[in-house]
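Everything on this sheet refers to the single structure shown next.
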Amino acid sequence: MNESRLLLALVAAMSSPAAADEVAEIEEVVVQASRVNLAVQEIPVNTTVLEQSDIVEMAWKPADEILRQVPGFSLLRSADSIAAAPTTTTVSLRGLGGSAASRTLVLLDGIPIHGAFTTEVYWARVPRQRIERIEVVRGGGANAWGNLSLGGVVNIVTERPELSGWAFDGTLGYPGTLDLAVSAQHAGDDWHLDGSASMYTTDGYFNLPEAQRGPIDEEVRKDHGMVSLRGDWSPSAGLRAWANVTTFREKRFGGSALDVNETEIDTLVAGFDWETAHAGRWKAQAFYEDFFLSDASVRILGDNEREILRAFEERPTSMLGTGLVGSLPAWGRHEVSVGADYRWSDVRVDEWTDYVGGQPRELLNTISRQDMGGVFVQDHWRFGARWALDGTLRYDYVVNSGKSRATMLEGGGPGIVVDYPANSETTLNGNLGTVFRASDTLSLRASAYRGFRAPTLRELYHVASTRSGVILVNNPGLQPERLVGIEAGADLALGPAATLRLTVFRNTVDDLVQNITRGTTGELPGIVPPCGLLAPNETCRELDNVGEMRSSGLELEAAWQPSDHWELQLSYLFNESKITEAPDNPQLVGNRVRQAPRHSLSARLRHAGRWFDSALMARYVGKRYEDDLNRLEVDDFVLFDLRLARAIGPNAKWFLAVENLFDEEYEVKVENSGALEIGRPRFVGVGLQIRR
């Protein structure tokens, strides 16, 4: 606490009171993540909008780190996406986690950016320097999007410049990091064209404590680059068409010489908006994505003295999606919207395994496919001067299919073929919510909802392993997760300078998919069903549906601006996520869900001064468990970030950013052996932003 007080004094001294730099004003935000473009005040579930000022102050970080300002938002673990393996960059809200699958839908300008196989998110694909705002709709009240929106929806909205110009963003940091992005746009009478390019390279950091490092250990790091071109055309009033093509490349180094994966993603998006006087407003979008991953899986031996290749896989994937949403002409006080969407994914995994002397002895080919689609209708009804009622009904279908062939490379033969039975589901879900504006300063809201999540193709058809010795067995018989939830909240204006937003919620998930521990080995190899023969100190886990999980909690968001120079923001989540029923695994009843802390908090103090604009950010994450048995406790932590910025004329600004200000060594993962994985140490960066 003494360090914190000292730091506040330093910030205040360098930011002596004076007229604040001019800040762009943000109009009342209409949230596209609600699917029907409602204002925040009209949405009956808890909704947070990170505005440009919130984003710019953290723009040196990847997009997932920017989103950690929202308590309850998390990847599978607390590590940032620089270090995280692709399968652990999945997203959850309100503790609805437990396995490496996303339970929150992530959109980039309304287009899903999840991978088809594990629902991971490559956060480096998000052009941080072009983000206009980020919308976070919590809870199943966003179920107009269907599958994956179990815990909510995150929609990242990028800028669409109206004037010709260019922009540059650059950061040079320690440990050795270079982050560059440039964009340019040209505006004609009825068309706009803009392009951007970015690159990022870093020396990374050791994600193991020094005492646990061995001869093979190296820094974890990622290098990536992206090029994007976008065009808009408005041939007539009320009609706009657009197209966007993006190519993305990433190479990740996982902490040792053999642990490397590379990713290539090429995306094409096209769509149109059409607004008429009699037929309402219609929006259509379509996308195609070509994805390729090569990934080495290693096994660590001894005290990190040696590594061997466990498996190597190549995963080509194709995805095609389309959607149509229409807002019908107003009918009295009703605003009715209808929509439909479809997504098709085709994944092939070629995995070479059973390495001896550096050579594989077996090839496993897995081909899987997912078809899913849905239709929905939503009605927003304003009755009376103070009341609004919002209801959605959505029908979904999902069909998964897969087959695998195991072939011995020595001796050949036809191989062993497994043709899995189709895994399919149809479901009808809805939500109903109301908003009551009790006065000009108080608004009350309540909502009840249902949602679902279908198992991923990886959960159904593919065995996975980690470098720490965990074998995770797939389960082709998994059932969809089903959520029933309620929440209520109040929004209160405490005079012109302060606001308070309070929400209580309770979510129940039936058939939650969890990684169930089936057994471990000690100092000697052993057979643990269903994994089979395991090496020493390895763990067997199997994906299975748990009977019931319940998540109950409270969300608090507050803001106070006592003057033009100072602003304080605070967000807090209390969340109790526990297994309440587990007929096949009774030992889990009463246990907390993996990686779901009870307490999460973030705070931000801003000051606009004569010499500097400054921002101090703090984040607390409580204790949580790495495993389903609640034996591996991950410690809590508090991190501080600091940013100082100064304008250089009307179009440029430099900044100094320090992440993990006090160089805290904090845990993100604990293994059965006692080994730890730690987060990013202190990072210092100097950057320049130019807008012309």
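The values are calculated or read from the model by the stated rules, or taken from the named source; none is laboratory data. Remember, predicted model here, so these are calculated numbers, not experimental data. Glycine gets a Cβ as well: all are built from the backbone with ideal geometry, and neighbour counts include every protein chain shown. Keep in mind that these areas ignore ligands, DNA and RNA; they rest on the heavy atoms of the full protein, side chains included. Shrake-Rupley method; radii C 1.70, N 1.55, O 1.52, S 1.80 Å.
Kindly indicate which of 381, 387 is of a type in the set (Phe, Trp, Tyr), open to solvent by 80 Å² or more (accessible area, probe 1.4 Å) and over 33 Å from the mean Cα position of the chain (by Cα). Steps first, answer last, please.
On the way: 381 fails: over 33 Å from the mean Cα position of the chain (by Cα).
Residue meeting the stated conditions: 387.
Is there any pair with a first residue in region 543-567 that is farther than 29 Å from residue 100 by Cβ and a second that is open to solvent by 30 Å² or more (accessible area, probe 1.4 Å) and among the acidic types (Asp, Glu) whose Cβ atoms are under 8 Å apart and which are 6 or more apart or on different chains, and what are they?
As it stands, the answer is 559/567; 560/567; 561/567, since those pairs meet every condition given.
So is residue 576 out of contact with any helix residue (DSSP H, G or I) (no Cβ under 7 Å at 6 or more places or on another chain), over 24 Å from residue 77 (Cβ atoms) and acidic (Asp, Glu) or not?
Working: out of contact with any helix residue (DSSP H, G or I) (no Cβ under 7 Å at 6 or more places or on another chain): yes; over 24 Å from residue 77 (Cβ atoms): no; acidic (Asp, Glu): yes.
It is false that residue 576 is out of contact with any helix residue (DSSP H, G or I) (no Cβ under 7 Å at 6 or more places or on another chain), over 24 Å from residue 77 (Cβ atoms) and acidic (Asp, Glu).
Among the candidates 154, 182, which residue alone is surrounded by fewer than 22 Cβ atoms within 10 Å (Cβ to Cβ) and either assigned to a strand (DSSP E or B) or under 24 Å from the mean Cα position of the chain (by Cα) (or both)? Walk me through it before giving the result.
Values: 154 fails: surrounded by fewer than 22 Cβ atoms within 10 Å (Cβ to Cβ).
Of the residues listed, the single one that is surrounded by fewer than 22 Cβ atoms within 10 Å (Cβ to Cβ) and either assigned to a strand (DSSP E or B) or under 24 Å from the mean Cα position of the chain (by Cα) (or both) is 182.
Residues being open to solvent by 10 Å² or more (accessible area, probe 1.4 Å) and over 19 Å from residue 101 (Cβ atoms): count how many of those fall in region 133-151.
Matching residues across region 133-151 total 2.
Residues 53, 92: which one is under 18 Å from residue 145 (Cα atoms) and open to solvent by 10 Å² or more (accessible area, probe 1.4 Å)? Steps first, please.
Working: 53 fails: under 18 Å from residue 145 (Cα atoms).
Answer to the selection: 92.
Which numbered condition in (1) in contact with a helix residue (DSSP H, G or I) (Cβ under 8 Å, 6 or more places away or on another chain); (2) of a type outside the set (Gly, Ala, Ser); (3) open to solvent by 20 Å² or more (accessible area, probe 1.4 Å) is the only one that residue 642 fails?
Going through the list (1) in contact with a helix residue (DSSP H, G or I) (Cβ under 8 Å, 6 or more places away or on another chain); (2) of a type outside the set (Gly, Ala, Ser); (3) open to solvent by 20 Å² or more (accessible area, probe 1.4 Å), residue 642 breaks only (3).
Taking into account only those residues within region 95-114 that are assigned to a strand (DSSP E or B) and free of Cβ contacts under 8 Å to residues at least 60 places away in the same chain, which is most open to solvent (accessible area, probe 1.4 Å)? Walk me through it before giving the result.
At the first step, the residues of region 95-114 found to be assigned to a strand (DSSP E or B) are 105-108, 111-112, 114.
Filter again for free of Cβ contacts under 8 Å to residues at least 60 places away in the same chain, leaving 105-106, 108, 114.
Values: 105: 8, 106: 0, 108: 38, 114: 2 Å².
Looking at the filtered set, the residue picked out is 108.
Could you tell me whether any residue of region 520-531 is within 29 Å of residue 92 (Cβ to Cβ), of a type outside the set (A, V, I, L, M), open to solvent by less than 30 Å² (accessible area, probe 1.4 Å) and in a strand (DSSP E or B)?
Checking region 520-531: not a single residue is within 29 Å of residue 92 (Cβ to Cβ), of a type outside the set (A, V, I, L, M), open to solvent by less than 30 Å² (accessible area, probe 1.4 Å) and in a strand (DSSP E or B).
Confirm whether residue 169 is crowded, with 19+ Cβ neighbours inside 10 Å, assigned to a strand (DSSP E or B), touching a Leu at 6+ places or on another chain (Cβ under 9 Å) and in contact (Cβ under 8 Å) with a residue 60 or more places away in the chain. Give the steps one after another, and end with the answer.
Values: crowded, with 19+ Cβ neighbours inside 10 Å: yes; assigned to a strand (DSSP E or B): yes; touching a Leu at 6+ places or on another chain (Cβ under 9 Å): yes; in contact (Cβ under 8 Å) with a residue 60 or more places away in the chain: yes.
Criteria met by residue 169.
Within region 597-627, count every residue that is closer than 26 Å to residue 59 by Cα and either in contact with a Leu (Cβ under 6 Å, 6 or more places away or on another chain) or among the small types (Gly, Ala, Ser) (or both).
14
From the list 204, 214, 176, which one is over 28 Å from the mean Cα position of the chain (by Cα), touching a residue at least 24 places away in the same chain (Cβ under 8 Å) and within 30 Å of residue 468 (Cα to Cα)? Even if it seems obvious, please write down each step before you answer.
Numbers: 204 fails: over 28 Å from the mean Cα position of the chain (by Cα); 176 fails: over 28 Å from the mean Cα position of the chain (by Cα).
Matching residue, one of 204, 214, 176: 214.
Go through (1) farther than 19 Å from residue 461 by Cβ; (2) without any contact (Cβ under 8 Å) to a residue 40 or more places away in the chain for residue 337 and report which single condition fails.
Going through (1) farther than 19 Å from residue 461 by Cβ; (2) without any contact (Cβ under 8 Å) to a residue 40 or more places away in the chain one by one, residue 337 breaks only (2).
Which ones in region 645-682 are more than 26 Å from residue 208 (Cβ to Cβ), open to solvent by 40 Å² or more (accessible area, probe 1.4 Å) and not β-branched (Val, Ile, Thr)? Before the answer, list the steps.
Of the residues in region 645-682, the ones more than 26 Å from residue 208 (Cβ to Cβ) are 645-656.
With the extra rule that they be open to solvent by 40 Å² or more (accessible area, probe 1.4 Å), the set shrinks to 646-651, 653-654, 656.
Correct list: 646, 647, 649, 650, 651, 653, 654, 656.
Residue under question is residue 484, and the condition is that it be open to solvent by 30 Å² or more (accessible area, probe 1.4 Å) and touching a strand residue (DSSP E or B) at 6+ places or on another chain (Cβ under 7 Å); does it hold?
Values: open to solvent by 30 Å² or more (accessible area, probe 1.4 Å): yes; touching a strand residue (DSSP E or B) at 6+ places or on another chain (Cβ under 7 Å): yes.
For residue 484, the condition - open to solvent by 30 Å² or more (accessible area, probe 1.4 Å) and touching a strand residue (DSSP E or B) at 6+ places or on another chain (Cβ under 7 Å) - is met.
Among 218, 275, 264, which is the only one that is closer than 27 Å to residue 85 by Cβ and touching a strand residue (DSSP E or B) at 6+ places or on another chain (Cβ under 6 Å)? Break it down stepwise before answering.
Working: 218 fails: touching a strand residue (DSSP E or B) at 6+ places or on another chain (Cβ under 6 Å); 275 fails: closer than 27 Å to residue 85 by Cβ.
None of the others qualify; the one that does is 264.
I'm trying to understand the selection: among the residues of region 422-460, which are part of a strand (DSSP E or B), over 13 Å from residue 146 (Cβ atoms) and of a type in the set (A, V, I, L, M)?
432, 435, 442, 444, 446, 448
If I ask for residues that are closer than 16 Å to residue 53 by Cα and either in contact with a Pro (Cβ under 6 Å, 6 or more places away or on another chain) or of a type in the set (Val, Ile, Thr) (or both), which ones from region 538-570 would you list? Before the answer, list the steps.
Taking region 538-570 first, the residues closer than 16 Å to residue 53 by Cα are 559-561, 564-570.
Matches in region 538-570: 565 only.
Checking the structure you have, find out if any residue of region 116-124 is assigned to a strand (DSSP E or B), buried (at least 24 other Cβ atoms within 10 Å of the Cβ) and under 13 Å from the mean Cα position of the chain (by Cα). Walk me through how you get there before you give the answer.
Restricting attention to region 116-124, the residues satisfying the condition of being assigned to a strand (DSSP E or B) are 121.
Add one more test, that the residue is buried (at least 24 other Cβ atoms within 10 Å of the Cβ), and what stays is 121.
Within this subset, residues satisfying the condition of being under 13 Å from the mean Cα position of the chain (by Cα) are 121.
Among the residues of region 116-124, at least one is assigned to a strand (DSSP E or B), buried (at least 24 other Cβ atoms within 10 Å of the Cβ) and under 13 Å from the mean Cα position of the chain (by Cα), which makes the answer yes.
Which ones in region 487-508 are surrounded by fewer than 17 Cβ atoms within 10 Å (Cβ to Cβ), among the small types (Gly, Ala, Ser) and in contact with a strand residue (DSSP E or B) (Cβ under 8 Å, 6 or more places away or on another chain)?
490, 493, 497, 498
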